């Protein structure tokens, strides 16, 4: 029996509707998107995908819709900032900063790291701004720990668009199954971050240490999300987006009404406009993947010379993506080209092992890329340069994490 997705894939009307929806989403910020580095990557990928599809004669509605596999990431990205507003409404940001000022200096690294991981569940990259702007400037240990906390959270939940994209590629994996593979890696990354912190975390001269009430919005978020996943049977990314909208609406009603509702609507609109380059890139990556898969017959001939690389393929992919990121090539571009080829060729790993490999590849790329979103947040919050907070600060940690992951994958899978 054909699945709903397969039925839609055969419908040119559905393909056109999906295309129009994405067009409406990115249209307001299209001019700015194309002018950005990310937008240029997206345009280049789209042109490459069109060229590939034309070359193999597969430009039709079903292929266009098949290339929209990352469209769900758009709603996820747009709704994530709502979590930041809810975290602030709950008082979690002030509570975590106050806790950091009360613990012993020797415990500040694990406390800040844990706080950054927890904050990333709702704030994503904004966690760096929340903590970084409240901590002393030019602090390398703080900058290193905050960035590592954000990427460790990627191993525990879809806290960034990169993780959402990988989850989309492996829809057969649910979150519980994913965690069985990624929790050990997160624990290793946490321990490594504590060992390689580079010094003691400094705190403001007079940190806010009084008792700060925490409101129950995070608990309500968890309840709504569980209901969406279990009762409604929604996909994880859809449940995350739906939870943000529902709980934000309840917060607006409880807090006063019209002004807060307008605030939520304005935030969604501004986020869609601000993230239009990233949304465009994710959509273009899906189309490029379809174009690459259309060349699948020619991939078979690569097996002869790629087969000897199979034992070291995970480490090669992880370090290769990181190196290309250092050179300024966006990880999603590499992922869009390489992942379909690797899926056809095969890594010899189970699906869970491949998922772990790709997520860590994105983690390493975000850490060391001088032009990544993570680096931009870190540089702005710490006052250090982009090069200082990327390659110089995270290079050794990224290499160690890559080696640990390669060994883990080899032993476990």
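What follows is calculated from the coordinates using simple rules that are stated; it is not laboratory data. Note that the coordinates shown come from a computational prediction; the quantities given were computed from them, not determined experimentally. Ideal geometry is used to build each Cβ from the backbone, glycine not excepted, and the neighbour counts take in all protein chains shown.
Quickly work out the residue 88-to-residue 175 label distance, labels modelled 7 Å from Cα along the C-beta direction, and quote it in nm with one decimal.
Here the modelled spin labels are 2.4 nm apart.
So how do 107-115, 219-227, 139-147 stack up, highest first, on mean other-Cβ count within 10 Å?
139-147, 107-115, 219-227
Give me the extension gain from residue 47 to residue 238: residue separation times 0.36 nm, minus the current Cα-Cα distance, reported in nm with one decimal.
Extending this stretch completely gives an extra 65.9 nm.
What is the gain in length, in nm to one decimal, between residue 407 and residue 102 on full extension, counting 0.36 nm per residue of separation less the C-alpha to C-alpha distance?
Extending this stretch completely gives an extra 106.0 nm.
Mean separation of Cα pairs under 8 Å and 6+ residues apart, divided by the residue count of region 317-405: what relative contact order is that in percent?
34
Assign one of three labels to region 107-151, namely rounded, prolate or oblate, based on the Cα gyration tensor with a ≥ b ≥ c the square roots of its eigenvalues; rounded applies when a/c is under 1.5, prolate when it is not and a/b is larger than b/c, and oblate otherwise.
Oblate, since a/c reaches 1.5 and b/c is not below a/b.
For residue 266 and residue 386, calculate 0.36 nm times their separation in residues minus their Cα-Cα distance, and state this gained length in nm to one decimal.
40.2 nm
With a Förster radius of 30 Å, plug the Cβ-Cβ distance of residue 327 and residue 54 into 1/(1 + (r/R0)^6) and report the FRET value to the nearest 0.05.
0.55
How far is it, in nm, from the label point at residue 254 to the one at residue 35 when both lie 7 Å from their Cα along the line to the Cβ?
With each label point 7 Å from Cα toward Cβ, the separation is 4.1 nm.
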